[in-house]
Each structure stands twice: as structure tokens, then as C-alpha cells.
Amino acid sequence: MLSRRNKLLLLKVLSLFSVVRGYNILVIALAQYLASIYILAPELPVRKVVFDISLFVIVLASALVIAGGYIINNFYDAEKDLINKPRKSMLDRLVSQRFKLTTYFVLNFLAVVVASYVSFKAVFFFSSYIFGIWIYSHKLKKIPFLGNFISATLAITPFFVVFIYYKNIQTVIFVHAVFLFLLILAREMIKDLENISGDLAQNYRTIPILYGAQTSKLIISLLVFLTLVPSLLLIFKFDVGYMNYYFMLSILLMVLFIVLLFKANVRKDYVWLHNILKLIIVMGVFSILLIDVHLVLNRIL
């Protein structure tokens, strides 16, 4: 049996894991590696990519910055989250705001130190990334649409840094990036509908608050509809192996999403819609393996 002190310590660890959304960071790190192996550097041996110290450092620095980003975002949204996510907020509050800020600075400092192993350019890149996350959390997130756009841009930045590292400029990579960006942007706008109560209480100027839920739904529908363009290009124009089945399934889920979107009117409905987009994104990470099934089988057998 755990003592009271050990239970409290365990709860605080879980609280910090909840704040930094450790599960999201693990998925992003996995996505960076899979994208490197199957999309950005498919001509390199898998072993060379997996054991590339510079790539590991880039992924590690990305994870540290993202964790810090979640902390600073949680710090600024503490009051809003009490309304929108009361249960999660109570768990998050087991760790003091002072400790969160200290952890935020330590994580960012470690990220810059780690990045220095790669190059000065990497230090500059991650320093800019840290600043971008802070200015978004502090100021930009309250600006309608621009806040959503910046958030989606920051979300795909970990993939952009790997893209820069491999210097692989191909149209298919750009189309993949557009697909992911539009999905994330739509998800960010769904979150505005989902969190409208807390946003109103904290004077956030989001699209559903300024222009109404119907206008927000129309913009989200347009974004999801635009996502069909890269999906169809990746199915019919580019060779993505068996991953084309993922894009076919994504199209069906996006059609379902649009139908459910215009029927949605309460927070629970928007949470479901958010989860549909999140499911498409997470499935996309694992479906990267389908680009070259033979390579996967050769590694397993």
C-alpha cells in the first residue's frame, strides 16, 4: 500500500503529465520518426535514420519545447479551463503555478542546450519556436482566426524542422503537409465551439463569439471540404502505397463530420466532432507505415 505522501507524489506526477499532455508528445515524436523513415528520407536505410543522433536531438528538443508550450498555455488558460474542463483542471491544479513556470523555463533551457548539439541554426530555430508559442499563448490566441491559424502552424512546426533537416523538397511532402495543416486548423476552430462558455467568461474574441456558431460551422466545413483536395491528390496522383486506404477512410469520416457538425448544438456534440478529427490525425500517424508495407514486414520477420 502506498503511503499518503507517495499517493500525493504520484498524483502530482500524473498532474504534470496531464498538463504537458505526455501522450500527445509521444505521438508527435513517433510521427517525426515515421515521417523521416517513410516520407522525408525513404532512400536511407531504416537503421541509419533511427540511430541518427542529430535526428534524435531534434525530436528530443521538439518534445521539450512542446511540453513547455503546453505548460505555458495551461498557465494562461487556468481560469478558462475551470469552466470548460473542470475535472482535468482540478487534476492540473495539484501542481502549483509557480512549479509549472519553473518547469516551463527548465524545459525550454534544456531544449536550447540540446539543440546546440546539431548547430547554431537549430538553436535559433528552437528559440524562435519557444518565442512563437509564448507570444501565441500570451497574446495571439485571443485574436479571431489568426489565433487558430498560428496554433495550427505551431502544431506542424515539429514536422517542418525534420523537413529542413533532410532538405527533401518534393510535391508529395507539401501535399501531405497541407492535408495535416487543414485538419489541425479545423480542429482548432472546433475547440472554439467546444470551449465557448469559458471563452465568454474570459473575454476571448473567438469566431463563434463574434460572428455566431453558424458562421464558425461554415468556415470549419470549408476547411474540411478543402482537405478533400490533398486527400484525392494523394490517392490518385501520388504513390503512397496502401496509405491510400487511410485517405479513403478519412474522406468518409470527414463527410460524416460535416453532417454531424450542422446537427451539433451542445458542448458534448463538439467534443465528439473534435475526437473525430483527432482520430483522423492519430490514424494518419500509424498509417504512414502503410506507405511501404514490405519494408515493415522485412523488419518484423
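Couple of notes before you dig in:
- Mean Cβ neighbour count within 10 Å, used as a protection proxy, ranking 107-118, 253-264 highest first: 107-118, 253-264
- Taking 21 Å as the limit for the C-alpha separation, the pairs 141/217; 142/263; 80/263; 80/141; 85/141; 85/142 exceed it in the case of 142/263; 80/263.
- The label point for residue 172 and the one for residue 50, both projected 7 Å from the Cα toward the Cβ, are 2.2 nm apart.
- Cβ-based net charge around residue 218, under 15 Å, with every Lys or Arg adding one and every Asp or Glu removing one: +1
- Selected from 233, 178, 219, residue furthest toward positive end of dipole (the range 171-280; charges at beta carbon): 219
- At q = 0.11, 0.12, 0.22 Å⁻¹, base-10 log of I(q)/I(0) for the range 106-214 (Debye sum, equal scatterers on each alpha carbon): -0.46, -0.53, -1.15
- Each Lys and Arg adds +1 at its Cβ and each Asp and Glu adds -1 at its Cβ; summed about the Cα centre, the chain shows a dipole of about 960 debye.
- For the chain, a Gaussian network of Cα nodes joined below 10 Å ranks 191, 121, 217 by mean-square fluctuation, and the top entry is 121.
- For 129, 165, the sequence from fewest to most other C-beta atoms within 10 Å is 165, 129.
- Each listed q (0.18 Å⁻¹) maps to a log10 I(q)/I(0) for the range 34-188, found by the Debye formula over equal Cα scatterers with no solvent: -1.17.
- Label point distance in nm, residue 197-residue 255, each placed 7 Å from Cα along Cα→Cβ: 3.5 nm
- Three-way shape label, the range 170-301, alpha-carbon gyration tensor, a/c 1.5: prolate
- Residue-span extension gain [residue 75 to residue 98] - 0.36 nm each, minus C-alpha spacing: 7.3 nm
- Förster-model FRET efficiency, 51 Å R0, residue 289 and residue 110, C-beta, rounded to 0.05: 0.95
Values quoted throughout were computed directly from the atomic coordinates according to the rules given, and no laboratory measurement underlies them. Computed from a predicted model, the values in this text were never measured in an experiment. Heads up, the Cβs are rebuilt from the backbone with ideal geometry, glycines too, and the neighbour counts pull from every protein chain shown.
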